[in-house]
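Beneath this line is the structure, given in structure tokens, with notes to follow.
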């Protein structure tokens with residue numbers, strides 16, 4: 001299960017494990033991340049079996065891969081190393097035939113982000129994807145997922161999450177065989193370590209700074225406030241976003257005294 | 001006191017950070033690192049202990065155990081002297097855990113011995129790297145993962161340790177507080193401290209969007225609110241005797257402007273907010289007095 | 001070359017001075033305290049130019065201070081005992097992991113009392129250091145200087161702990177020959193850090209290296225290898241010292257006493273080895289052919305030496321001055337593991353004594369020799385491990 005820190009992928013893995021246990025199956029949910037880092041990609045692993053799960057290695061060849069994040073869903077890494085005829089379930093705003101992910105795989109999609117925004121008011125997509133998971137894979141029943149959710153989210157929060165689950169159960173697409181068979185050579189590495197300088201954080205952005213050079217007075221407030229030095233200062237005394245360094249935090253837009261920067265949503269996010 | 005005045009136009013363009021780093025979006029500590037190392041130049045050995053990653057910089061780095069910040073800086077500083085390389089500076093960039101709590105003993109001892117070291121602390125007011133547990137730097141009523149709010153608890157029950165005053169009471173050459181919302185003031189202080197001999201400590205408040213629970217776009221705005229409300233006063237103390245308050249607005253903004261946007265304070269009642277307001281106001285009066293007399297009583 | 005009647009702790013300080021230690025960070029604890037005072041006097045007198053002396057506020061900080069000083073390129077020293085060593089446990093592991101050639105004196109103090117036994121240093125077996133145990137003040141001085149040469153050898157680059165017993169050695173005065181400074185300088189070249197971390201010498205490509213890159217097993221394999229290299233380097237350095245200064249300590253790893261023609265041997269470390277020599281003489285006088293193998297290097301353990309010696313003796317009696325609760329004595333286990341695969345099965349019996357400072361006398365070691373001899377002659381021991 002692929003997601004970002006803060007999207008609830010780890011909780012989702014535990015909900016699935018709990019749902020399986022509700023049906024009398026054994027389960028195991030292993031998170032894999034370094035230190036706590038909001039926004040960075042992370043992966044969780046789930047095993048479900050009729051007998052007690054004993055092995056504790058990571059799941060290197062999954063039957064199913066889920067991805068909670070629409071941008072990470074574009075990365076080939078979520079579709080690599082699956083068993084033959086493996087299944088990939090993605091949170092994206094398009095149908096499976098439009099996915100470029102390659103391999104001997106089947107793809108299904110659901111727009112969990114917009115379901116989450118509708119039912120929860122926030123883009124936390126973990127539960128919104130689980131209904132789709134139940135319908136598309138039949139590994140766990142809808143009622144089991146709902147029971148598990150009630151354990152993690154009591155009261156009204158639980159009801160809202162169940163609404164998200166039911167909606168994605170209805171809206172998930174059918175499985176479509178991937179049109180690409182061969183994976184691209186160049187791939188983004190989703191294993192982001194907890195420390196160190198990173199090569200490219202553009203995949204962290206849900207919003208990006210759109211700069212209006214006419215309004216800009218060249219005060220450099222945005223430039224000096226950026227935590228990542230992700231605004232270069234051009235010869236014409238205006239800023240420009242450094243694509244590989246900007247995480248889309250929005251500080252620059254917030255600080256600009258003349259509102260010359262607007263945070264716009266990234267396409268497909 | 002820091003005498004160099006830096007204008008926006010004079011801020012060095014060169015980056016000493018290897019960006020982007022692995023911090024959360026809008027990280028105050030990343031801002032603190034970028035500004036600090038901009039003015040420290042390359043001729044230093046940077047010391048780190050466990051904390052949030054802020055930024056990798058273009059310097060040789062020495063790591064030590066969590067409680068070893070003061071001691072490792074001491075060893076490097078003494079070692080450099082012993083091998084005749086006092087041109088190289090020993091600089092530590094630590095979090096509040098390594099300064100207020102587990103690292104306190106070693107730093108206090110280094111201060112007491114007046115070791116020739118520069119310590120910069122980026123204070124995000126909890127053990128954020130391990131998920132946000134309370135520290136000695138967590139303010140009263142803040143909710144953290146180890147003092148959650150419930151029928152039996154209102155968040156942290158105790159006030160924040162007064163680290164700048166505590167270290168000033170070691171009579172060391174230079175103590176200062178700084179904020180990422182006042183970048184030129186921060187950099188001026190770092191530049192001033194850089195060339196002083198003896199123990200120097202600069203405490204920078206580094207708002208944390210994840211731990212304090214606010215929109216990451218508001219990091220600088222909140223840091224500014226903290227200074228303008230008197231919650232994070234900017235001042236300098238030399239040798240535990242001379243005192244200067246750097247930022248003196250005619251009137252402080254109400255603390256609620258600082259507390260409200262942070263969900264770690266969202267449970268606070270009006271009475272509790274008033275309590276904080278009263279404490280901040282009283283402390284501000286003491287600081288104004290000290291500034292007037294140009295001295296502190298320690 | 002001169003000589004002075006001095007206590008063990010002073011021999012340590014003089015060794016540091018001869019080795020031209022540049023930074024020492026210390027904290028007092030019985031029975032090591034006087035080392036800190038001797039070092040402070042060396043500093044105050046100015047007799048060691050450029051010496052930086054730090055009165056740390058605790059042992060943990062002492063270890064971190066000298067660790068950092070070594071990393072930047074200054075030959076450094078610290079010392080401690082018992083609980084002080086336990087307090088250093090956290091950073092002590094990093095000194096070895098960072099491959100820093102620090103030398104530290106551990107003046108034995110039990111973890112259960114203020115008196116000596118080897119439980120303090122034995123409790124730190126896992127830290128990745130080399131462990132050498134010494135018996136008298138001369139050996140302290142000589143080993144302190146040699147330890148730097150061993151540690152700084154590029155086949156090792158690991159810290160070395162020199163253990164010696166509190167009170168009966170640390171505070172006991174004996175005549176000690178002090179080699180001339182110029183001769184020591186010729187023997188021990190200046191220390192160079194590997195790599196240098198000075199900003200004008202460091203490789204900028206190393207900035208931003210990820211944490212936990214590469215094969216997680218590799219650092220352990222390299223570290224293990226380096227520690228095992230101790231055997232080669234220790235023997236070389238002690239041989240060179242023997243040639244230059246005329247004093248030898250066996251082959252550096254072990255020292256034999258009347259093993260030639262012996263029917264069996266007993267082993268001991270530290271001051272008890274000295275006491276045992278007196279017992280050995282008595283045994284031979286009484287027609288009992290028992291030899292002593294004094295173990296100097298506990299880590300790395302003298303595996304090859306004992307595999308060779310075992311070929312010619314009928315039994316080995318191992319004396320442990322420490323007991324790991326639930327697992328008995330560490331030297332006993334190392335010996336048995338060392339000899340397990342040998343063609344000839346040599347009985348190894350264990351003795352535990354001298355714990356928490358309990359006095360071990362010549363008569364005790366004499367009895368031990370007799371018991372081992374009995375086994376060598378085909379008898380059965382009263383128990384595989386006996387409490388002395």
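No lab work stands behind these numbers, since they all come straight from the coordinates. Owing to the predicted nature of the structure, the values given are computational and were not obtained by experimental measurement. Counting neighbours? That spans all protein chains shown, and the Cβs are built from the backbone with ideal geometry, glycine included.
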Residue B:85 meets each of (1) touching a helix residue (DSSP H, G or I) at 6+ places or on another chain (Cβ under 6 Å); (2) within 8 Å of chain C (Cβ to nearest Cβ) with one exception, condition (1)
Pairs returned, first residue in the range B:20-48 that is on the phi > 0 side of the Ramachandran plot, second residue that is part of a loop (DSSP other than H, G, I, E, B) and crowded, with 24+ Cβ neighbours inside 10 Å, beta-carbon separation under 7 angstrom, 6 or more apart or interchain, are B:26/A:227; B:26/A:249
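Does residue A:88 satisfy the condition of being part of a helix (DSSP H, G or I) and on the phi < 0 side of the Ramachandran plot?
Numbers: part of a helix (DSSP H, G or I): no; on the phi < 0 side of the Ramachandran plot: yes.
No; evaluated as a whole, the condition is false for this residue.
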Kindly indicate whether any position in the range B:161-173 is within 14 Å of another protein chain (Cβ to nearest Cβ) and farther than 18 Å from residue B:50 by Cα.
yes
Number of positions in the range A:121-152 that are closer than 15 Å to residue A:13 by Cβ and not in a helix (DSSP H, G or I):
4
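Considering A:264, A:181, which residue is touching a strand residue (DSSP E or B) at 6+ places or on another chain (Cβ under 7 Å), surrounded by fewer than 17 Cβ atoms within 10 Å (Cβ to Cβ) and more than 14 Å from chain B (Cβ to nearest Cβ)? I'd like the intermediate steps shown before the answer.
Working: A:264 fails: more than 14 Å from chain B (Cβ to nearest Cβ).
Checking each option against the conditions leaves just A:181.
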Every residue from the range B:249-272 that is surrounded by 13 or more Cβ atoms within 10 Å (Cβ to Cβ) and under 25 Å from residue B:183 (Cα atoms)
B:252, B:253, B:254, B:255, B:256, B:257, B:258, B:259, B:260, B:261, B:262
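Scan the range C:25-47 and give yes if some residue there is within 27 Å of residue C:222 (Cβ to Cβ), within 10 Å of chain B (Cβ to nearest Cβ), in contact with a helix residue (DSSP H, G or I) (Cβ under 8 Å, 6 or more places away or on another chain) and surrounded by 22 or more Cβ atoms within 10 Å (Cβ to Cβ), otherwise no.
Looking through the range C:25-47, none of the residues is within 27 Å of residue C:222 (Cβ to Cβ), within 10 Å of chain B (Cβ to nearest Cβ), in contact with a helix residue (DSSP H, G or I) (Cβ under 8 Å, 6 or more places away or on another chain) and surrounded by 22 or more Cβ atoms within 10 Å (Cβ to Cβ).
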All but one of (1) within 10 Å of another protein chain (Cβ to nearest Cβ); (2) farther than 19 Å from residue B:184 by Cα; (3) out of contact with any helix residue (DSSP H, G or I) (no Cβ under 6 Å at 6 or more places or on another chain) hold for residue B:30, so report the exception by its number.
(2)
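Quick check: is even one residue across the range C:137-152 assigned to a strand (DSSP E or B), within 21 Å of residue B:78 (Cβ to Cβ) and away from chain B (no Cβ under 14 Å)? Show your work before the answer.
Quick first cut of the range C:137-152, residues assigned to a strand (DSSP E or B) only: none.
Within the range C:137-152 (the criterion being assigned to a strand (DSSP E or B), within 21 Å of residue B:78 (Cβ to Cβ) and away from chain B (no Cβ under 14 Å)), the answer is no, since none of the residues qualifies.
Mind counting the residues in the range B:33-48 that are away from chain A (no Cβ under 13 Å), within 19 Å of the chain's Cα centre (by Cα) and not in a helix (DSSP H, G or I)? Step through it out loud before you land on a result.
Residues of the range B:33-48 that are away from chain A (no Cβ under 13 Å), as a first pass: B:40-47.
Retained after the next criterion (residues that are within 19 Å of the chain's Cα centre (by Cα)): B:40, B:46-47.
Now drop any that are not not in a helix (DSSP H, G or I), which leaves B:46-47.
Of the residues in that region, 2 qualify.
Among the listed residues A:29, A:9, which satisfies the condition of being in contact (Cβ under 8 Å) with a residue 12 or more places away in the chain, under 23 Å from residue A:248 (Cα atoms) and in contact with a helix residue (DSSP H, G or I) (Cβ under 8 Å, 6 or more places away or on another chain)? So that I can check it myself, show each step before the final result.
Working: A:29 fails: under 23 Å from residue A:248 (Cα atoms).
Just a single option satisfies the conditions, and that option is A:9.
Limited to the range B:53-74, what total is found for residues that are under 18 Å from residue B:127 (Cβ atoms), more than 7 Å from chain C (Cβ to nearest Cβ) and surrounded by fewer than 24 Cβ atoms within 10 Å (Cβ to Cβ)? Explain how you work it out, then say what you get.
If we filter the range B:53-74 for residues that are under 18 Å from residue B:127 (Cβ atoms), which is where we start, we get B:53-54, B:63-69.
With the extra rule that they be more than 7 Å from chain C (Cβ to nearest Cβ), the set shrinks to B:53-54, B:63, B:66, B:69.
Narrowing the set further to residues that are surrounded by fewer than 24 Cβ atoms within 10 Å (Cβ to Cβ) leaves B:63, B:66.
Residues meeting the conditions: 2.
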Selection within the range B:54-78 - in contact (Cβ under 8 Å) with a residue 40 or more places away in the chain and either out of contact with any strand residue (DSSP E or B) (no Cβ under 9 Å at 6 or more places or on another chain) or not in a helix (DSSP H, G or I) (or both)
B:54, B:57, B:58, B:59
Residue satisfying all of: in the range B:110-121; surrounded by fewer than 24 Cβ atoms within 10 Å (Cβ to Cβ) and in contact with a strand residue (DSSP E or B) (Cβ under 9 Å, 6 or more places away or on another chain); farthest from residue B:90 (Cα to Cα) among these:
B:113
Can you find even one residue in the range B:81-100 that is surrounded by fewer than 21 Cβ atoms within 10 Å (Cβ to Cβ), in contact (Cβ under 8 Å) with a residue 12 or more places away in the chain and not in a loop (DSSP other than H, G, I, E, B)?
yes
Tell me, please, whether a residue that is surrounded by fewer than 23 Cβ atoms within 10 Å (Cβ to Cβ), more than 17 Å from the chain's Cα centre (by Cα) and over 21 Å from residue A:180 (Cβ atoms) can be found in the range A:101-111.
no
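So how many residues does the range B:186-198 have that are buried (at least 21 other Cβ atoms within 10 Å of the Cβ) and within 21 Å of residue A:229 (Cβ to Cβ)? First the steps, then the outcome.
Here is the first cut: in the range B:186-198, the residues buried (at least 21 other Cβ atoms within 10 Å of the Cβ) are B:186-190, B:193.
Imposing the further condition that a residue be within 21 Å of residue A:229 (Cβ to Cβ) reduces the set to B:186-190.
Residues flagged as buried (at least 21 other Cβ atoms within 10 Å of the Cβ) and within 21 Å of residue A:229 (Cβ to Cβ) within the range B:186-198 amount to 5.
Scan the range A:97-106 and tell me whether some residue there is in a helix (DSSP H, G or I), farther than 27 Å from residue A:200 by Cα and out of contact with any helix residue (DSSP H, G or I) (no Cβ under 8 Å at 6 or more places or on another chain).
Going residue by residue through the range A:97-106, those that are in a helix (DSSP H, G or I) are A:97-98.
Narrowing further to those that are farther than 27 Å from residue A:200 by Cα: A:97.
Cutting the leftovers down to out of contact with any helix residue (DSSP H, G or I) (no Cβ under 8 Å at 6 or more places or on another chain) gives us A:97.
Yes, there is a match, as at least one residue in the range A:97-106 is in a helix (DSSP H, G or I), farther than 27 Å from residue A:200 by Cα and out of contact with any helix residue (DSSP H, G or I) (no Cβ under 8 Å at 6 or more places or on another chain).
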Among the residues in the range B:199-212, are any closer than 27 Å to residue B:146 by Cβ and exposed (fewer than 15 other Cβ atoms within 10 Å of the Cβ)?
no
With the checklist (1) facing chain A (nearest Cβ under 10 Å); (2) assigned to a helix (DSSP H, G or I); (3) touching a strand residue (DSSP E or B) at 6+ places or on another chain (Cβ under 9 Å) in hand, flag the one item residue B:9 doesn't pass.
(3)
When the residues of the range C:11-37 are narrowed to those that are in a helix (DSSP H, G or I) and without any contact (Cβ under 8 Å) to a residue 40 or more places away in the chain, which ends up nearest to residue C:111 (Cα to Cα)?
C:33
What strands (runs of 3 or more DSSP E) completely inside the range C:287-388 contain at least 3 residues that are closer than 27 Å to residue C:249 by Cβ?
C:290-295, C:297-299, C:316-320, C:348-352
